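What follows is a single structure, written as structure tokens, with notes after it.
Every number in this text was worked out from the coordinates using simple rules, so none of it is lab data. Keep in mind it's a predicted model, so treat the numbers as computed, not measured. Neighbour counts are summed over all protein chains in view; Cβ atoms, including those assigned to glycine, are modelled from backbone coordinates with ideal geometry.
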Amino acid sequence: MHLGTEGFQDHARQALKDEPLQNALHLLTAEFVPRRVAAMQALGDPEALRTQARAVKEQAIAQLDTYLEQFADNLDKLGAHVHWAHDDAEARDIITSIAQQAGAKVIVKGKSMAAEEIHLNPHLEELGYEVLETDLGEYIIQLAEETPSHIIAPAIHKTRQQIAALLHDKLGDPYTEELTDMTQIARRALRQQFLRADVGITGVNFAIADTGSIVLVTNEGNGRLSSTLPRVHVALMGMEKIVPRLDDLPVMLKVLTNSATGQKISSYVTMITGPRRAHDLDGPEELHVVVMDNGRSNILASENREALYCLRCGACLNVCPIYQNIGGHAYGWVYPGPIGAVLTPLFTGLDTAKHLPRASTLCGACREACPVKINIPHMLLNLRRQSVSRGDASAGEGRLFSLWAWVMRHPGLYRLGLKLARLGQTPFARRGWLGKLPPPFHSWTQSRDFKAVAPQSFRDRWQATLQYEQPSRNGAGGGRHE
Amino acid sequence: MTEPTGRRRPTRVALFITCLGDAFYPQVGEATVRLLHRLGIAVDFPLGQTCCAQPAFNAGFHDQARLVAQRNLTLFADYEYVVVPSGSCTAMIRLFYPDLFAEAPQLHQQAESLAARTYELSEFLLNIVGTDDVGAAFAGKVAYHASCHLQRELGVTEAPRRLISRVAGVEACDAEMSEQCCGFGGTFAVKYPEISSAMLEKKIASLQRAGADTLVSCDAGCLMHIAGRLRRQGMDVRVMHVAELLNAGHNAEEPRHAPGN
């Protein structure tokens, strides 16, 4: 289960000391980041593509009601069933009743963050269904009884040795650290399950309004197997997954796969347009598409609407210096990293998630990597403001900033403040630095020295001498003046 | 934003020194003034100035931030150019002042006006003054740390690098993580000290790998953070603000070769 968002600081501290995790994260940074950068550059004009992709999402979200209706109408004509889920409970109930009517015992699942969001697996398992993850990373996580720590690489926090031991323990195969052998072990176990499954549940990468198609992007073909072998296919999507036209798909696929894994295209791109038709050789008899709101309408109506543009590519996680250091589990809920720090409070409320928007230096690496240019740092600022205005900040912090504002509005007081700081620091300052600060700033000096206030501030120097200095008359040419 | 504009060369600017610059790095302001003087530009220093209000703004305390920011709208109203030796504080004024006063039309107009007249030092030199060679000399292996707000909010990436590379005697050594955040983030460094320190460790390791003996940046916040750790570790890497480097060879008090000074 998820760690919960309230204990963020403790989780982060533990993660920093977790050596296997740190090694795994180091690999992530070293591999994913340069791969994405090189792939995007190879596209010629990545900026233009990102602008185009953003425009597609802007349009889709601005007229979401129209496109959802069109999407549903087209699905209806194709003979698929459309279900609308207001919240997570309703989505779970809908999927449960589909499984019941199908008389299912075994359910295979393609990777789906939406399913994680509604905690679908534990729910179905409680009701007695055998639920199997078929994405290799998700399968590993399921065997380990954990939750994903990355949007596209769910088991990224595990080292090869940990996974080898897990496969050996859970499946009984001889221990091996050879990647191909490990993959074969998982493949053998999963293939049998595909054939037994009555229902396949997948997510949706894109839902195309003008054709009623759903698009799955995978590298293992498990999405295609999950959606074609079982008699019933259930596709679960957040309602923001819409793109208006089939013509929009090429640019969206391009930015998605290049940003996610640095691939020109993923190994499998599956487009599903309706259930099996009379003359089709394969495909499910029934196709159910569950369109889920679960808080998205509220985001749509808020100043943080662009959070709905997210393609779940994970690029912002890979470049984030916070994520790189603490991994995904510390964030405590389904969506980790920078986009998680925005989505989690939007989905679950600031009550429990107030740490997440604050735990950022606002460095903006996420926005730079985002294939649809989501302005994550500015949304984090929005959330901090909201959080303060609803009273989340400590009384101490509020008083501190009010005092600060009062001093900063009165240059005389500010100057006095500097003087007092200078006096106060005198016994402790050594060659212009302080080894220890008093609370609430003491945490700075746990690992760093702090600069002492200078003996003479700039404004002192200005008033003493600088204001009387003159610009050089021959300086206007720039260049050297020796 | 790399080509000099067709505007006439500025002859007078106002200096916004920033609170960190004023209290902790007065030599940065002094170097800025003398550098601008050498280029024939007169400098005014409105004495009523204090802080840009970013600490409160970033923490979510917008009411308090507004009170402090509003004073700057008036203080700098009459200057054609406001020069700031900080990417972070420039971003606060240029990007967030208009947001802060979005609800008050007259103040908003003043904020937009100030935003359009405010420049970070390196972009001012390259884009407005139109020079990338300010006649400085400094011997050292210099790594540049691109501060986050400068590169990603203001989009200033080339100006500091070009100015640094034209300083006589500088051997530019590119740290592979020059664009990575140092973990300062204002109050972040105090609220999340462990994560902040882990980020800083990686930054410093990349400096070591690059073999730099000097680190240069455009923001005193980053410099203070990085230098604080270098000093704690007793590492012999000089830390300089870009203004100090660009005035090197002309400074009254040249930076000493002391750890984290």
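Numbers at a glance
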read-out	value
Chain B: relative contact order in percent, alpha carbon pairs under 8 Å with at least 6 residues between	20
Residues of type aspartates and glutamates that A:K254 reaches as a straight line, Cα spacing below 15 Å, ignoring anything fewer than 8 places off in the same chain	A:D45, A:E47
For chain A, Cys with no neighbouring Cys Cβ under 4.7 Å	A:C310, A:C313, A:C320, A:C370
On Cα atoms only, tilt of A:46-62 relative to the major axis of chain A in degrees	70
Ellipticity estimate at 222 nm from DSSP helix runs (n ≥ 4, -39,500 (n - 2.57)) divided over the protein assembly as shown, nearest 500	-14000 deg cm²/dmol
Shielding of A:406-414 by partner chains, average beta-carbon count, 10 Å	5
At R0 = 51 Å, FRET efficiency that the Cβ-Cβ distance of B:K141 and A:M271 yields, to 0.05	0.40
Stokes-Einstein D (µm²/s) once Rh is taken as the Kirkwood radius of chain A over alpha-carbon pairs, at 20 °C in 1.002 mPa s	85
Order of A:S447, B:S86, A:S213 under a 10 Å beta carbon neighbour criterion, fewest first	A:S447, A:S213, B:S86
Inter-chain Cβ neighbour average for residues A:361-373, partner chain, 10 Å	5
Acute angle (nearest 10 degrees) that the helix A:88-101 long axis makes with the longest principal axis of chain A, alpha-carbon atoms	20
Exposure proxy order (Cβ contacts within 10 Å, fewest to most) of A:S443, A:S112	A:S443, A:S112
Shielding by partners - mean other protein chain Cβ count within 10 Å, residues of B:69-75	1
FRET efficiency, 1/(1 + (r/R0)^6) with R0 56 Å, evaluated for A:Q9 and A:L195 via beta carbons	0.75
Measure of compaction for region B:139-261 (Cα Rg per 2.2 N^0.38 Å)	1.00
Hydrodynamic radius of region A:296-353 per Kirkwood, over alpha carbon pairs, in Å	11.8
Whole-angstrom gap from region A:52-115 to region B:144-194, using each part's C-alpha centre	45
Cα-based reach from A:K158 at 27 Å (exclusive), listing lysines while leaving out same-chain residues under 8 positions away	A:K17, A:K109, A:K111, A:K170, A:K264, B:K202, B:K203
Rg over Rh, two decimals, region B:12-127 (C-alpha only, Kirkwood Rh)	0.96
R0 of 45 Å, Cβ-Cβ distance B:E158-B:A77: FRET efficiency to nearest 0.05	0.90
Order of B:M177, B:M92, B:M235 - criterion: other Cβ atoms within 10 Å of each residue's Cβ, fewest first	B:M235, B:M177, B:M92
Whole-Hz couplings from phi, Karplus 6.51/-1.76/1.60, listed for region A:140-145; x for Gly and Pro	4, 4, 5, 4, 7, 6
Spin-label pair A:E145/A:R187, simplified geometry with 7 Å Cα→Cβ offset, distance in nm	3.0
Per-residue HN-Hα couplings for region B:154-159 [Karplus 6.51, -1.76, 1.60; θ = phi - 60°; Hz; x = Gly/Pro]	8, x, 8, 10, 8, 3
